[in-house]
Each structure stands twice: as C-alpha cells, then as structure tokens.
2 protein chains.
Amino acid sequence: MNDAPRRPRRSSGRTTLADVARAAGVSPITVSRALRQERGVDPVLADKVRQAADQLGYVPDAAARALASQRSTQVLVLVPMLSNTLFVDVLEAVHRTLFPAGYQPLIGVTHYDTAEEELLLRTYLPHRPAGLLVTGFDRSETARQLIAHSGIPCVHLMETSTAPGVHCVGFSQVDAGAAITQHLLDRGRRRIAFCAAQLDPRTLQRAEGYRRCLRAAGLYDPHRELLSPERSSISLGARLFEEMVQRMPDIDAIFFCNDDIAQGGLLAANRMQVPVPQRIAVAGFNDLAGSDQMVPPLTTVRTPRAEVGQAGAAMLLALMRGTPVPQSCIQLNYELVVRASS
Amino acid sequence: MNDAPRRPRRSSGRTTLADVARAAGVSPITVSRALRQERGVDPVLADKVRQAADQLGYVPDAAARALASQRSTQVLVLVPMLSNTLFVDVLEAVHRTLFPAGYQPLIGVTHYDTAEEELLLRTYLPHRPAGLLVTGFDRSETARQLIAHSGIPCVHLMETSTAPGVHCVGFSQVDAGAAITQHLLDRGRRRIAFCAAQLDPRTLQRAEGYRRCLRAAGLYDPHRELLSPERSSISLGARLFEEMVQRMPDIDAIFFCNDDIAQGGLLAANRMQVPVPQRIAVAGFNDLAGSDQMVPPLTTVRTPRAEVGQAGAAMLLALMRGTPVPQSCIQLNYELVVRASS
DNA sequence: CTGAAAGCGCTTACAG
DNA sequence: CTGAAAGCGCTTACAG
C-alpha cells in the first residue's frame with residue numbers, strides 16, 4: 001500500500017487559504033475572492049468564508065499574494081533624516097495619502113548619504129515596491145540607474161526639475177532663499193550674513209538664492225557666509241551665531257538655512273545679550289515647531305512640506321494606477337512668515 | 001505538431017534566476033546558492049554567476065524568496081509618533097542594530113492610538129515580519145492576540161514588566177518621574193506643579209512618580225497638576241506655563257512631563273519675565289535637542305532611548321535566531337541632568 | 001456565480 | 001560541489 005498519505009515535505013503549519021476553504025466548504029479560489037472583496041461572489045458564501053477565516057485566525061500571506069499577483073502594496077519612501085522634523089511632516093502627509101488608498105509606506109533614511117541611499121535601494125528594490133518616493137535629485141549614478149531600470153514609478157520630492165520624464169513635487173529653494181534675503185534687505189539691513197549646516201543640495205540652493213539677491217543689490221560679501229558641514233541642530237546654531245558675531249561684528253542680519261540653527265542663534269543672542277532684531281535681525285527657514293515661540297518670535301519661510309508629501313503621494317498614486325498625471329512637475333508656493341526677529 | 005513552444009500563460013517579463021542560470025550555463029539552484037553566498041559553491045562558478053547576474057541587471061524577487069524559504073527579513077517597529085524626537089532616536093538605534101544583521105525595520109506610526117495600532121498590525125502581519133518591536137504595553141486586547149497568535153518574536157520597548165514570557169527593554173518611568181521631583185524638593189522647592197500633555201501611559205507613569213514623591217513628603221496638592229490631552233509641543237508648553245502660573249501663582253517649581261513642553265514653558269517664562277529658577281524652577285524630561293541651549297539651560301532627565309533601541313533590537317535578534325536570551329527584561333538607567341533652570 | 005489547472009520565482013530536501 | 005523535482009501559498013486565466 002503506497003497510497004498512504006505522505007506528509008508534505010515542507011509545511012509551515014500555518015493556516016492557509018486551503019484550510020479556510022475546507023472549513024467553509026468551498027474552493028480556495030472562492031475564499032481568495034471573498035476575502036479580497038472581489039465582486040461577483042455570492043454574499044451568503046462570502047459571509048461563510050469570512051466567518052471560517054475569522055474562526056481559524058487566518059492571516060493571508062503577503063509574499064504568496066505578491067508573487068502570484070505580481071504586485072506589491074508597499075511604497076518605498078526615502079528621506080534624508082528623521083531628526084529634521086521637516087521630513088516627519090512630509091512622511092505624515094505621505095502616509096495619510098497612501099495608506100487609505102491601500103499602499104503602505106516603507107520608510108528608508110539615507111542620512112544625507114548617497115552611498116547609503118544606494119544600499120537602501122539595493123536592499124528594498126527586491127521587494128518590488130509599487131512605487132518610489134525619493135528626496136531631491138542628488139544621487140549616485142548607480143542609484144539613478146537602479147531606479148530607472150526597475151521600471152517602478154518614481155516621484156521626486158522637495159525640489160523641482162523640468163527634465164523630461166521626471167516626476168516631481170517641490171518648490172524653488174533658490175527663490176525662497178532669495179525671498180527671505182530680500183525681506184531682510186527691505187527691512188533696511190545691508191550687511192546680511194548667511195549661516196548654514198549640513199550643506200545638502202537644498203541648503204546650497206538656498207545659499208544660491210541668498211547670493212543672487214545680495215549680488216543684485218551689490219551687497220554680497222563672501223566673508224559673511226558661514227557654512228558648516230555638521231548636522232543641523234539647535235546647539236550648532238548657537239555656535240554659528242557666536243562665531244559669526246565674533247568674526248564679523250558689523251553684520252546687521254543673519255539668514256540661517258534652517259529654523260533649528262536659527263533657534264539656536266536666537267538663544268545664543270539672548271545669552272550674549274545681543275539685541276534681536278535691533279542690532280542683528282534673524283531669519284530662519286521652514287517654520288519648524290517652536291519658531292513662533294522664540295523670544296523674539298522667528299521670522300522664517302513656511303515651506304509646504306505637508307503639501308509636498310500629499311501631492312507627491314497623489315501623483316505617485318496616479319502613476320501606479322496608470323491614471324493620467326495632469327502635470328509631471330508641481331511647483332508649490334512657500335510663504336514668508338514675518339515675526340519680530342527681523 | 002503540438003510541441004510548438006507555447007508561451008507561458010503568465011509572464012512578468014522580468015529577469016529571473018532561470019535567465020541568469022541560462023546565461024551562466026549552470027542550474028538555477030546554483031545561481032540561488034551563489035547569489036546568497038551559500039558556502040559550498042565552486043568559486044569559479046560563483047564568479048561566473050555573479051557576472052551574469054550583474055550583466056542582466058538581475059534583481060532577486062523578495063516575495064518569491066520569502067515564500068519559498070518561509071522567512072522574511074523585515075522587522076515591524078511600531079512607535080507612537082515621529083514628531084516626538086525621542087522615538088527618532090529609538091528608531092535610529094534600532095536601524096543601526098538590525099540593518100547590518102540583515103534585517104530591515106518596517107516603521108509603523110500609531111499616533112498614540114490603539115485602534116490605529118491594531119490596523120497597522122492587521123496590515124503588516126500578513127507580511128510575516130521576522131520580528132516585532134512595539135512601544136509599551138498599552139494596546140487593545142485584539143492587538144495583543146494578533147501578536148500572540150502570530151507566533152512572531154516580540155520585544156516591548158520603553159517600559160518594563162515582570163510578566164512571564166514578556167520580553168522588554170525600558171526603564172522605570174515612575175522612578176524617573178519621582179527622581180526629578182525629588183531633585184526639586186532637594187533644591188528646597190515645596191509647591192511643585194506638574195504639567196503634562198498627550199497623557200499616554202508613560203506620561204501617566206511619570207505623573208505617578210511625581211505624586212508618590214510629593215505624597216511621601218506630605219506636599220502633594222492635586223490642584224498643582226495640569227494635564228492636557230493635547231499633543232505635546234513647544235507652544236502647548238508655553239500655554240500650560242501661562243495657565244499654571246495664573247491659576248496657582250504660589251508654585252515654586254514645575255515638572256514638565258516632556259522637554260518640548262518644558263522648553264515652551266521656559267520661553268513663556270522669558271516672555272512673561274518670570275525669573276527662572278528664582279521664582280519658579282523648571283524641570284523637563286528626556287533631555288531632547290535644544291534643552292541644553294535654553295536660557296536658562298533646562299534641568300531634565302536623560303532617558304536611555306538609544307540604548308533602549310539598541311538593546312531591544314539586540315534582544316529581538318537573539319529571539320529571531322533562536323539564540324538564548326540571557327534576560328527577558330532589561331531595565332536601563334536614566335540620569336538626572338541638573339542645569340541652571342532648577 | 002464557482003472551480004480545476006497552472007503558474008508566479010524562488011528555496012528546500014533529497015540524490016548523486 | 002551540483003542538480004532535478006517538488007513545493008511555498010496565493011492569483012490568473014480559462015471554463016462552465
């Protein structure tokens with residue numbers, strides 16, 4: 001008798017679709033259809049299936065589903081850093097847009113490092129995410145190719161580009177940097193310094209805006225720039241303020257490339273008894289949490305990061321679904337927020 | 001002639017293991033072994049395989065791999081909120097520990113909402129993560145069961161418990177809350193207020209520590225507690241400070257449950273010209289970025305969040321590998337950081 | 001509306 | 001050290 005039921009050679013022991021089918025007295029395919037709410041299943045049967053599934057504690061296997069259907073519901077989202085709360089706001093908006101639509105963001109943090117971004121892509125691309133959301137355009141050639149060859153729809157966030165075939169949602173970092181500098185000029189400031197940290201591409205674009213504006217006014221002086229490659233932070237901002245004031249005591253304003261270092265600058269001014277804005281006006285960038293609470297409240301640029309996240313995710317949704325995308329590059333608006341520090 | 005090569009009924013068109021095998025002139029299984037660096041493959045063959053894979057731009061399919069091997073390399077990490085930078089530090093440490101070990105964190109944000117946590121579990125458990133890292137013990141019964149029935153190893157972060165079978169890494173929020181309160185007592189403060197936001201379990205545990213300490217000293221007065229369910233933020237801290245000072249003008253110290261509201265309190269004090277610490281001493285919790293830069297610098301409790309993330313991930317690693325875990329519950333130390341605000 | 005067969009792209013388990 | 005077969009747990013594509 002060799003028709004004895006031989007045990008399967010590999011078994012996970014888990015409850016499968018087949019188990020549910022047996023319990024509900026239907027075929028596996030009907031279970032699959034009922035559980036996925038596919039229309040065209042007898043409601044009575046569907047109910048019986050759901051009940052059986054519940055009772056057995058059935059949890060569908062996402063890997064099997066992805067393999068069979070050739071589609072995943074994960075979206076890889078690459079951001080530089082979570083300690084820059086800017087990106088937390090972007091991620092929140094991305095999640096709010098993608099999750100209800102049936103996609104799950106898979107967050108990867110590059111630490112502003114192109115090699116790390118490449119490693120993340122190598123690690124996550126095998127999961128065949130349904131879509132890609134990346135920050136800016138600055139990446140290794142290999143990373144670029146990995147993305148292109150994957151054939152996965154990709155939207156770039158935070159910056160804009162008019163290159164053909166590129167999808168992006170952002171705003172002009174250069175213009176925004178120029179606008180806040182112009183505001184300081186309009187307030188009568190003439191010796192405006194620039195303090196920056198991290199020196200990522202967007203920071204450098206703001207620097208460009210700063211220079212463009214001051215050059216146009218014939219007031220640009222490179223000695224008034226203090227650029228630190230260190231990670232942006234409140235305490236670094238304090239140090240930059242001290243150094244700037246010591247080195248160039250005649251400056252009458254400082255534009256900090258990000259609100260966290262601006263807040264640090266304001267606190268240092270307070271400690272050093274440097275009157276703000278009387279002696280030195282201070283402006284930041286991004287309007288982060290707490291900037292409105294500083295003493296004096298910080299003048300800054302409100303950047304549309306939630307909107308970037310929302311619109312970027314919505315654009316990706318359209319690309320993933322094959323719906324037409326009205327605009328492949330969306331340029332959003334920033335807003336000057338003038339408070340007492342300038 | 002019915003032996004014409006009939007096209008497969010479903011084809012993804014992607015480069016597969018079989019394509020690489022054909023190109024390298026070996027069997028698929030050898031490609032699989034070579035690419036996974038399994039030992040016992042002729043180095044010459046392995047090299048040929050890798051070359052062929054590179055040339056074809058082969059990207060292995062994680063879903064197929066997961067299905068065949070019945071194992072995934074993702075670890076689901078559930079945290080309450082990314083805007084609380086505390087958890088960003090936890091996540092960083094988790095990533096630094098898991099990623100080099102071959103596991104990828106899959107971040108889920110619960111927004112301090114047990115229903116949302118349940119939804120996240122329902123959504124991500126089908127991916128059969130290799131491990132689970134969750135925050136604290138406060139969750140719905142359903143969530144608890146989903147975790148238990150999944151059979152997936154799980155480590156709880158931020159709090160400790162002596163319940164059998166529970167794995168956790170944290171510190172005593174109650175003791176830490178009591179310790180900072182005791183510090184204020186030691187400084188001679190007698191009418192110590194408590195301001196809190198969010199009111200999540202850990203915040204309430206700190207409140208318990210505050211009460212325990214003051215009751216022991218015979219100085220507890222419930223009117224000096226200001227508990228807001230609103231999300232913790234610098235601006236909320238400013239409002240809480242103002243309200244507290246107005247309502248209970250005789251207080252001589254405030255313990256804020258988190259540094260962000262403490263920073264807001266300090267800024268409000270500055271604005272209101274309330275001398276700190278002369279009239280009111282201020283203490284926070286967590287030693288977040290910027291607390292050391294406040295004017296005056298903020299007294300607080302440095303909590304071991306990076307250590308929690310690191311040790312929690314290390315414990316999970318052991319559980320996933322089936323290695324013995326020396327201690328199922330690790331209690332870490334916090335540290336009083338006394339600065340000029342108290 | 002329901003189902004039997006085939007297949008998604010890998011790895012396991014067994015041989016040699 | 002290498003490979004042919006079977007199987008992981010689903011869904012697609014085709015019938016009825």
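Below is a table of values for the structure above.
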quantity: Of all accessible heavy-atom area on chain A, the percent that carbon and sulfur account for (1.4 Å); calculated: 50
quantity: Per-pair calculated FRET efficiency, R0 = 25 Å: B:Phe137 and B:Asn333 via Cβ, rounded to 0.05; calculated: 0.80
quantity: Residue-count net charge about B:Gln331 - beta-carbon cut-off 12 Å; Lys, Arg +1, Asp, Glu -1; calculated: -3
quantity: Ratio of Rg to Rh over region A:38-130 (Cα coordinates, Kirkwood Rh, two decimals); calculated: 1.13
quantity: Charge dipole (debye, nearest 20) of the protein assembly as shown; +1 at Cβ of Lys and Arg, -1 at Cβ of Asp and Glu; calculated: 1640
quantity: Karplus-derived 3J(HN,Hα), 6.51/-1.76/1.60, for each residue of region A:57-73, Hz, glycine and proline x; calculated: x, 5, 10, x, 9, 5, 5, 4, 4, 5, 5, 5, 8, 6, 8, 10, 10
quantity: DSSP bridge orientation in the protein assembly as shown - percent antiparallel, rounded to nearest 5; calculated: 10
quantity: Angle between chain B longest axis and helix B:43-56 axis [Cα atoms, degrees, rounded to 10]; calculated: 80
quantity: Extension gain (nm, one decimal) between A:Arg144 and A:Gln37, 0.36 nm per residue minus Cα-Cα; calculated: 34.7 nm
quantity: Point-to-point label distance, A:Arg96-A:Thr123, nm (Cα→Cβ direction, 7 Å offset); calculated: 2.9
quantity: Residues with amide H under 5 Å from that of A:Cys168, placed H, sequence gap 5 or more; calculated: A:His156, A:Cys329, A:Ile330
quantity: Ascending list, in nanometres, of distances separating the A:Thr162 label from those of the other copies (7 Å, Cα toward Cβ); calculated: 7.0
quantity: Solvent-accessible area per residue, Å², over region A:17-60 with all protein chains present [probe radius 1.4 Å]; calculated: 64
quantity: Accessible surface, 1.4 Å probe, highest first, among residues B:Glu141, A:Glu243; calculated: B:Glu141, A:Glu243
quantity: 5 angstrom amide H check on A:Cys195, placed H, neighbours 5+ away; calculated: A:Leu226, A:Phe255, A:Phe256, A:Cys257
quantity: 7 Å along Cα→Cβ, label-point gaps from B:Arg279 to other copies, nm, shortest first; calculated: 2.6
quantity: In region B:264-333, trypsin sites (Lys or Arg not before Pro) in a DSSP loop with at most 15 other beta-carbon atoms within 10 Å; calculated: B:Arg279
quantity: Loss of accessible area when A meets B, both sides summed, Å² nearest 100, probe 1.4 Å; calculated: 4300
quantity: Farthest toward positive dipole pole in the protein assembly as shown [+1 Lys/Arg, -1 Asp/Glu at C-beta], among A:Leu120, B:Ser12, A:Ile180; calculated: B:Ser12
quantity: Gaussian network model of chain B, springs between alpha carbon atoms under 10 Å - residue of B:Asn258, B:Asn270, B:Asn286 with greatest fluctuation; calculated: B:Asn270
quantity: Per residue accessible area in Å² of region B:190-342, where ligands, DNA and RNA are left out and the probe is 1.4 Å; calculated: 39
quantity: Nearest 10 degrees, 0 to 90: helix B:259-272 Cα axis against chain B principal axis; calculated: 40
quantity: Inter-copy spacing of A:Asp138 label points, which lie 7 Å from Cα along Cα→Cβ, given in nm from shortest upward; calculated: 4.1
quantity: Alpha carbon convex hull of the protein assembly as shown, volume per residue in cubic angstrom; calculated: 213
quantity: Chain A, helix-only ellipticity at 222 nm - DSSP H runs n ≥ 4, -39,500 (n - 2.57), divided by all residues, nearest 500; calculated: -13500 deg cm²/dmol
quantity: Exercise: per-residue mean of other protein chain Cβ atoms within 10 Å, B:102-108; calculated: 4
quantity: Local electrostatic count at A:Tyr220 - Lys and Arg +1, Asp and Glu -1, tallied over other residues with Cβ under 12 Å; calculated: +3
quantity: Heavy-atom accessible area, 1.4 Å probe, ligands and nucleic acids excluded: residues of region A:52-83 down by at least 40 Å² from chain alone; calculated: A:Val59, A:Ala62, A:Ala63, A:Leu67, A:Gln70, A:Gln74, A:Leu82
quantity: Accessible area (Å², 1.4 Å probe, nearest 10) - A:Val88; calculated: 10
quantity: ³J(HN,Hα), Karplus 6.51/-1.76/1.60, whole Hz, each residue of region B:190-198, x for Gly, Pro; calculated: 10, 10, 8, 8, 10, 10, 9, 10, 6
quantity: Most mobile of B:Ser235, B:Ser161, B:Ser11 in a GNM of chain B (Cα contacts under 10 Å); calculated: B:Ser11
quantity: Highest-MSF residue in chain B out of B:Asp113, B:Asp42, B:Asp259 [GNM, Cα springs under 10 Å]; calculated: B:Asp42
quantity: Solvent-accessible area lost in complex, 20 Å² minimum, residues of region B:126-164 relative to chain alone, 1.4 Å; calculated: B:Pro126, B:His127, B:Arg128
quantity: Phi-based couplings in Hz for region B:212-225 (Karplus 6.51, -1.76, 1.60; Gly and Pro marked x); calculated: 4, 5, 6, 5, 4, 8, x, 10, 7, 9, x, 5, 8, 9
quantity: Cα-derived Rg to Rh of chain B, Kirkwood definition; calculated: 1.16
quantity: Gap separating the Cα centres of region A:305-342 and region A:227-248, nearest whole Å; calculated: 31
quantity: Globularity index of region B:17-60, i.e. its alpha-carbon radius of gyration over 2.2 N^0.38 Å; calculated: 0.95
quantity: With Cα atoms, 0 to 90° folded angle of helix B:234-247 axis to chain B main axis; calculated: 20
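The values are calculated or read from the model by the stated rules, or taken from the named source; none is laboratory data. Everything numeric here is computed off the predicted structure, so don't read it as measured data. Ideal geometry is used to build each Cβ from the backbone, glycine not excepted, and the neighbour counts take in all protein chains shown. Please note that ligands, DNA and RNA were not included when accessible areas were found on the heavy atoms of the full protein model with its side chains. Shrake-Rupley method; radii C 1.70, N 1.55, O 1.52, S 1.80 Å.
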